[in-house]
1. As a check on your grasp of the helix formula, calculate [θ] at 222 nm for the chain: sum -39500 (n - 2.57) over DSSP H runs of n ≥ 4, divide by the residue count, round to the nearest 500.
2. In a Gaussian network model over the chain where Cα atoms closer than 10 Å are linked, find which of 45, 91, 72 has the largest mean-square fluctuation.
3. When only C-alpha pairs under 8 Å and at least 6 residues apart count, what is the relative contact order of the range 5-110, in percent?
4. For Cα extents along the principal axes in Å, one of [x] 37, 36, 24; [y] 36, 33, 25; [z] 76, 23, 22 was computed from the structure I shared and the rest are decoys. Which label?
5. Taking 0.36 nm per residue of sequence separation and subtracting the Cα-Cα distance, how much length would be gained by fully extending the chain between residue 59 and residue 105, in nm to one decimal?
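Read the figures in this text as sums done on the coordinates, not as results from a lab. Computed from a predicted model, the values in this text were never measured in an experiment.
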């Protein structure tokens with residue numbers, strides 16, 4: 001498992017969220033979440049997505065997909081939860097071996 005740099009900052013993590021991944025860092029709202037294996041795995045899945053898309057294209061695609069889904073659902077939270085990147089992370093966050101066997105660009109399976 002790769003070394004991950006984790007920081008606690010209630011100011012960088014949006015209200016209503018427990019963590020955010022900004023390559024190569026994971027920011028958590030609370031220090032106790034460092035021990036939350038499911039949350040940490042969810043964020044590691046995002047690190048893998050960001051790395052395979054060479055970071056900046058990840059953020060562009062994430063925002064673009066969110067805007068499209070916001071137009072469709074007219075709800076920010078629903079747009080967020082239905083993002084392909086988030087679907088992959090949420091569906092696989094409890095499978096702590098997922099990243100060992102994950103193929104490239106798996107988020108595409110959740111696109112539509």
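1. Details: 5 runs with 53 residues, N = 112.
Calculated mean residue ellipticity at 222 nm is -14000 deg cm²/dmol.
2. 72
3. Working: 120 pairs, mean separation 22.8, N = 106.
That works out to 22 percent.
4. [y]
5. Contour length minus Cα-Cα distance gives 15.1 nm.
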